[in-house]
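Coordinate-derived values only; no laboratory data. Just so it is clear, the model here is predicted, and its values are computed rather than measured. Methodologically, a virtual Cβ is constructed for each residue, glycine included, from the backbone with ideal geometry; neighbour enumeration extends over all protein chains shown.
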Amino acid sequence: MSRILVVEDDAAILRGLVLNLELEGQRVFTATDGEAGFALLRQAKPDLVILDIMLPKMSGFEFCRKARAESIGIPILMLTARGEEVDRVRGLDLGADDYVTKPFSLPELMARVRALLRRAQRRSGKALIDELKFDDVEVDFRKCEARKAGRLVEMTRKELGLLRLLASYEGEVLTRDELLDQVWGYESCPTSRTVDNHVAQLRAKLEMVPAEPRHLLTVHGTGYRWCA
């Protein structure tokens, strides 16, 4: 049984989510505003959060930002009535693992919840590193901060997540599909090209000679590996 926190102010949606989650054998905690939800996040220590964006007292964006700032790494699935790409991107960059746009299909949402829980269980078997140092680069993943030659490097959360995962499995080859699954989650938008683009961005920002990378290495036809 997993512990799931649902933060949603629409009573009908909340009831439907609770009913379906409980039918799947999950233990469910609920809140109808962001502040109460965040207090429950600390107290109940759930395995996953289903989080509406448009909440009273504290928005889903702020909830997500605060959770990641406190190094709370559990999966967050965002619910939004907004269809604009900028809102989806903002939520993912703030640390959400997936999103569903209202109105949504309950079977699809339940499938996404199961996928996030499976990934979280796989991650729990491998401790991800909190810090990384190489060449003139220092990365603090807890603070989501990277510096090169002492200067702050602007990095997205996905770039940091990709770097952290690769460096945690030093020397091991991770396929593009594995990287998509672990970093981007159960989404329809990202493709293997997304991974390639993010690796290229990481090389440009962190490698001494981006065209001749020493650390972020390509394994042709398969994926990437990190070499210290």
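Rounded to the nearest 10 degrees, the angle from helix 192-206 to the longest Cα principal axis of the chain is 60 degrees.
The GluC sites (Glu not before Pro) of region 37-117 meeting both criteria, a DSSP state outside H, G, I, E and B (loop) and at most 16 other C-beta atoms within 10 angstrom of the site's C-beta, are GLU70, GLU84. Once the gyration tensor of the Cα atoms in region 131-226 is diagonalised, the equivalent ellipsoid follows with semi-axes of 21, 15, 12 Å, ordered largest first.
Pairs over the 31 Å Cα-Cα cut-off, from the set LYS45/LYS148; LYS102/LYS158; LYS45/LYS102: LYS45/LYS148. By the helix-only formula, in which each DSSP H run with n ≥ 4 contributes -39500 (n - 2.57) and the sum is divided by residues, the chain has a 222 nm mean residue ellipticity of -12500 deg cm²/dmol. Relative to the longest principal axis of the Cα atoms of the chain, helix 60-69 runs at roughly 50 degrees. Listed from fewest to most Cβ neighbours within 10 Å, the set LYS158, LYS143, LYS66 follows the order LYS143, LYS66, LYS158. Length gained on full extension, ARG214 to ALA69: 49.1 nm, using 0.36 nm per residue less the C-alpha separation.
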